[in-house]
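Everything on this sheet refers to the single structure shown next.
Derivation of every value follows stated rules applied to the coordinates shown; laboratory data play no part. Computed from a predicted model, the values in this text were never measured in an experiment. Note: ideal-geometry Cβ built from the backbone for every residue, glycine included; neighbour counts use all protein chains shown.
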Amino acid sequence: MLGTAGLLFCFAGGALAQTTVLEVIPLRYRTAEQVIPIIQPMLAREGSVSGFQGQLVVRTTPANLEEIKRILASVDTAPRRLLITVRQDADASRSEHAAEVSGRIGNDRARVIVPDSDDRSGGNVVLREGDDRLRARVLDSRATESDRNTQSVQAMEGREAFVRVGQSVPVPQRRVVRSVVGGQVVEQVVDTVEYRDVTTGFYVLPRVSGDLVALDISPQRESLSSQVPGGVNVQRLVTTVSGRLGEWMEIGGLAQDSGGRQSVLIGRSSTSSSDTRRVLIKVEEAR
């Protein structure tokens, strides 16, 4: 007979004909790949489910079929439109402290010489009298750098989304070209410029249940290095997170600290640096 959601068939042969039916159920909003993992655990022991051209092919008992239809009514609904925002923060700081006394002082019979370091930066005070000289150097510096990158993309619930922006930057290259001239190998240095894409973006797959959201996400951030000419800093993350709609979720981060001390004859110096990076995400229902 004809069912409201598809064709209904009965299997012939023994007790199986009385207990098992097969129905083809068309899907309106969801794909078979999205629905089957939800339906499969609900099937009766002798049941099965498969997908075919936007439809579900279900073989199970009549009672179990009605239960599956009720589940499908709540699952096969119009997907929600979502606004996904990824924020990637980078904070770097460097501080340097130094104090040093150097010079030469004495008389015709004896003289003390304290060599100074090669570093001339910082505040310097020099006292002179004849051949005597006393130099004091004090340095106290701190530099900070912050970078905030925010990207947003609209996506349908249960559908993949990808966004990436960036620029092509020139990177100087130097290579040696060898050629044979008059039976001799001649080397020539050639300067060229190559362009490299520096991009920032993310891939995301959202799944929503009520006011909870689960995300498969892979953000990537690239930036030009201020320390290595032509170098690129790369930040990449692959993870799955869950949280509530409208709330920022931290999905990863990196913190690096380094420091050092150096002593001279009369004085000392110290340096410290830190690099902190965070990746946060927020999912809202688009209105």
Theoretical gain in end-to-end length, ALA99 to ARG268 [0.36 nm per residue, Cα-Cα removed]: 60.3 nm
How much net charge surrounds THR20 when only other residues with a Cβ under 12 Å from its Cβ are counted (Lys, Arg +1; Asp, Glu -1)? 0
Residues whose placed amide H lies under 5 Å from that of ILE251, excluding near-sequence neighbours: VAL279, LEU280, ILE281
Taking the Cβ of THR144 as the center, what net charge do the other residues with Cβ under 14 Å away carry, scoring Lys and Arg +1 and Asp and Glu -1? -3
For LEU56, residues with placed amide H under 5 Å, excluding near neighbours: ILE25, LEU27
